[in-house]
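A short worksheet on the structure shown next.
The values are calculated or read from the model by the stated rules, or taken from the named source; none is laboratory data. Note that the structure is predicted; figures quoted are calculated from it, not measured. Here the Cβ positions follow ideal geometry from the backbone for every residue, glycine too, while neighbour counts run over all protein chains shown.
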Amino acid sequence: MTEARIRLYVDQPLAAGQPVAVGDAQANYLFNVMRLSLGATVKLFNGQDGEWLAGVEHAGKRQGILRCTVQSAPLMPPPDLWLLFAPIKKARTDFIVEKAVEMGAARILPVQTRFTNERIREDKLRAHAVEAAEQCEATYVPPVDDLIPLDKLLATWTPTRRILWADEGLQGRTALLQAPPGPWAILIGPEGGFSPEERTKLRALPFVTPISLGPRILRADTAAVAALTLWQTTLGDWL
Ligand code: SAH
């Protein structure tokens, strides 16, 4: 068996002997761009069934059939950590989504804050999440929610999930080391930071833990990676 170097996300069930149909874009990539022929092996994952080796059984111009052989990795979902972030400029928002997947976020929620001026294309962000998972060997793809106003999200929040709020106004050391394990969400603000009203509100919520990310003001994309690192090293799967 040739070594499988191509890794693809597919939106279909994966199991021993399971045929997987590939359509236009993936067939073009596999059979025209990468020139895979009959019998070649690829790796497939669908976010639920782990990673599977699959052989090319039919290679057409516009479609093809792959057939799963053996599971090459079990499903390894990330810890129960969500990333809430206010969208910033397009390339930096794309970066946040890509890094959130690599860093092991279980769900990505773009939030509209008072000083959020950027629009997003959720479908594009979802495609970025899939691409990031394909390239970082993840077997799980975090869902990307539609943009939601922060107020609305907080009004219906389940308080058993704590929010780690990256508060640019905080001086001093982070209190994360004393924080309890369990479901968490990280909250990162936009380039303009949080409004005074938002800060008052967040400060009053019992399930919110403010943290400092050090003495310098980070750009939002850097802050997202820094906060994910901090959480993963103290409460997550880097332990
Ligand atoms: N314009 C704001 C900075 C916004 S930085 C100001 O000058 O104050 C964007 C986001 O990154 C912030 O809302 C916060 O969530 C996070 N962030 C950046 N630096 C941080 C720090 N040192 N500590 C905690 N959070 C930080």
Query raised in the report: Can you tell me how many residues in segment 13-34 are surrounded by 11 or more Cβ atoms within 10 Å (Cβ to Cβ) and of a type in the set (Val, Ile, Thr)?
Result: 2
Requested in this report: Return the residue satisfying two criteria in turn: it lies in segment 91-105 and is closer than 23 Å to LEU235 by Cβ and in contact with a His (Cβ under 6 Å, 6 or more places away or on another chain), and of such residues it is nearest to the ligand (Cβ to nearest atom).
Outcome: VAL97
Report summary line: Exactly one of ALA133, ALA166, ALA155, ALA127 is more than 16 Å from the ligand (Cβ to nearest atom) and in contact (Cβ under 8 Å) with a residue 40 or more places away in the chain, and that one is ALA133
Report summary line: When (1) under 16 Å from LEU84 (Cα atoms); (2) under 23 Å from the mean Cα position of the chain (by Cα) are applied to THR234, the one that fails is (1)
Query raised in the report: If a residue has to be of a type in the set (Ser, Thr, Tyr) and farther than 21 Å from THR139 by Cα to count, how many in segment 53-111 make the cut?
Result: 1
Query raised in the report: Within segment 216-238, how many residues are more than 6 Å from the ligand (Cβ to nearest atom) and assigned to a helix (DSSP H, G or I)?
Result: 13
Report task. Can you confirm whether segment 81-90 contains a residue that is away from the ligand (no atom under 16 Å from the Cβ), surrounded by 16 or more Cβ atoms within 10 Å (Cβ to Cβ) and without any contact (Cβ under 8 Å) to a residue 60 or more places away in the chain? Result -> no
Query raised in the report: What about LEU187, is it near the ligand (Cβ under 9 Å from one of its atoms), assigned to a strand (DSSP E or B) and closer than 18 Å to ARG107 by Cβ?
Result: yes
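How many of the residues making up segment 12-25 are modelled with pLDDT of 95 or more and either not aliphatic (A, V, I, L, M) or not assigned by TED's automatic domain parsing to the domain that holds ARG62 (or both)?
Final tally of qualifying residues: 5.
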Query raised in the report: If VAL141 satisfies every condition in (1) of a type in the set (A, V, I, L, M); (2) within 14 Å of the ligand (Cβ to nearest atom); (3) closer than 30 Å to PRO74 by Cβ but one, which is the exception?
Result: (2)
**Report entry** Evaluation of ALA179 against (1) more than 16 Å from the ligand (Cβ to nearest atom); (2) in the same structural domain as ILE108 (by TED's automatic domain parsing) (one fails), failing number
**Finding:** (1)
Report summary line: Per the filter on segment 194-215, residues within 6 Å of the ligand (Cβ to nearest atom) and more than 18 Å from LEU153 (Cα to Cα) are SER212, LEU213, GLY214
